Amino acid sequence: MEEIIEAKRDLGEGRWDKILKRKMVELSFADTYNEAKDEWETTGKVYKHSHYGQEPDWVQETGHLGYCLCGRNIAYHFQVENTVTGVKEVVGSDHIGSYLIIRQIMKDANLRQEDITDAMVEDWLKVRIQTMKSDAWWKENGEHFNEMFTAIQQLDARINVKNKQYATKWKASSQDNEYYMHSALMTRAKGKFGDYGYQMASIVWRWNHLDNSKNQVIKYGYPNDRLWADLNLFYALREVHQATVDKEDEDIQVQQRIYNESRKREAERAERFREKRRLENLAWEAGREERERLQAIQEEKVKKAKVARLKHRRKVAMELFEKKSERFLMMCDYYNMPYEIDMSQLDNHQLYSLSVIKEMIEEGRALQPSHLITLKRILGGNINE
């Protein structure tokens, strides 16, 4: 269990406290503890003893590794310094008094003693302990960690992911789409470490990913136990993971080849179509003069046919008016129409309208008001309604 370190405001009257007071006075310029304690401050250096031979020089130089200045066994070594005599010593977590830390905070933050709170003291301790843990961890595991992390970074981005699917993206160099494996980093693990089907969260995401504001580089300065265990497991299985990535890359190449062949066929079809249209346009241009000649002939034929039809209709209408039955003559009297009409003075439309009216009269059908209006417009005079 991690030791909880709390700073004391001052030393008490217990056995170890009394010994520390006496030794602090012996190493100070002042002759009393109340005066001597103001000569001492912490330097900010902290060391937790775990293995012999790894302790820093400033701990060894005291001559009492594993022991406080008072003589009590300790794990945490806090360096303190007498600012008058220059003596440097170490004390344990029980004797890292707030008054020692306060002087250091006053100096670093340029604050008055009365402005320094217990929370500031606790924060100072947390930072130093965290730094000490980080330094110790890196000293013991740093080289191995860096070796493994460098080796698996690329694999992690391909294995510890979710939502895998083939996708394409535009590649400027080839001016075409390129296949790749689209995915997102696993930000949370699935299952438990050691269980079948365990899917660890991305190692890079947890360690130093820029998009992760809580990555462990920022939060701790060293990897926690879970990340360290996952890194070791992943590194041990890196050949298996590499085989998986190689198979995915092969599949991507197959997809890319299929896509490229499809694009090639499309390009060939498009080129054939363009060539066909080009030849058609050339042929069309080559036949333009002949088409225009034939079109002119056709238009002339149409024009002549129209003239012929109009002539025929006019002839038929005129022949119709030359035949006057008794019914027609009687109705001419009824409607006050002239018997004889000068057809040469009428246009084709007028002639046709009159021929329709004559047929109606011959067939005994009554004329409608619209017919009478037409007669007045063509013949003039007083047509009876």
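Residues that are part of a loop (DSSP other than H, G, I, E, B) and within 23 Å of Val245 (Cβ to Cβ) within region 153-172 comprise just one, Asn160. Given the structure, is Met120 among the hydrophobic types (A, V, I, L, M, F, W, C), surrounded by 13 or more Cβ atoms within 10 Å (Cβ to Cβ), closer than 30 Å to Ile19 by Cα and free of Cβ contacts under 8 Å to residues at least 12 places away in the same chain? Here the answer is no, as Met120 does not meet what is asked. The conditions of being in contact with a helix residue (DSSP H, G or I) (Cβ under 6 Å, 6 or more places away or on another chain), closer than 24 Å to Pro369 by Cβ and not aromatic (Phe, Trp, Tyr) are not met by Leu329.
Determine, yes or no, whether Lys376 is at pLDDT 85 or above and assigned to a helix (DSSP H, G or I).
Taking the combined requirement at face value, the residue satisfies it.
Working only within region 326-341, note down all residues that are surrounded by 13 or more Cβ atoms within 10 Å (Cβ to Cβ) and assigned to a loop (DSSP other than H, G, I, E, B). Hits for region 326-341 are Asn336, Met337, Ile341. For region 288-310, the count of residues that are in contact (Cβ under 8 Å) with a residue 12 or more places away in the chain and under 30 Å from Thr374 (Cα atoms) is at least one. Taking region 175-249 as the region of interest, the helices (runs of 4 or more DSSP H) fully inside it that hold 1 or more residues being among the acidic types (Asp, Glu) and either modelled with pLDDT under 95 or within 30 Å of Glu261 (Cα to Cα) (or both) are 225-236.
The residues of region 89-111 that are closer than 24 Å to Phe29 by Cβ, in contact with a helix residue (DSSP H, G or I) (Cβ under 7 Å, 6 or more places away or on another chain) and surrounded by fewer than 18 Cβ atoms within 10 Å (Cβ to Cβ) amount to a single one, Met106.
Kindly indicate whether Leu354 is crowded, with 18+ Cβ neighbours inside 10 Å, out of contact with any strand residue (DSSP E or B) (no Cβ under 6 Å at 6 or more places or on another chain) and closer than 22 Å to Lys315 by Cβ.
Against the criterion (crowded, with 18+ Cβ neighbours inside 10 Å, out of contact with any strand residue (DSSP E or B) (no Cβ under 6 Å at 6 or more places or on another chain) and closer than 22 Å to Lys315 by Cβ), Leu354 qualifies.
The sole residue among Gln113, Gln154, Gln104 that is polar (S, T, N, Q), at pLDDT below 85 and more than 28 Å from Tyr67 (Cα to Cα) is Gln113.
Of all the numbered requirements in (1) part of a helix (DSSP H, G or I); (2) exposed (fewer than 10 other Cβ atoms within 10 Å of the Cβ), Ala270 misses one, and that requirement is (2). In this entry, Ala136 passes the filter for residues that are in contact (Cβ under 8 Å) with a residue 40 or more places away in the chain and either aliphatic (A, V, I, L, M) or outside the structural domain of Tyr47 (by TED's automatic domain parsing) (or both).
The values are calculated or read from the model by the stated rules, or taken from the named source; none is laboratory data. As the structure is a computational prediction, the values presented were derived from the model and not from experiment. Because the Cβ atoms are built from the backbone with ideal geometry, glycine has one as well, and the counts that use them run over all protein chains shown.
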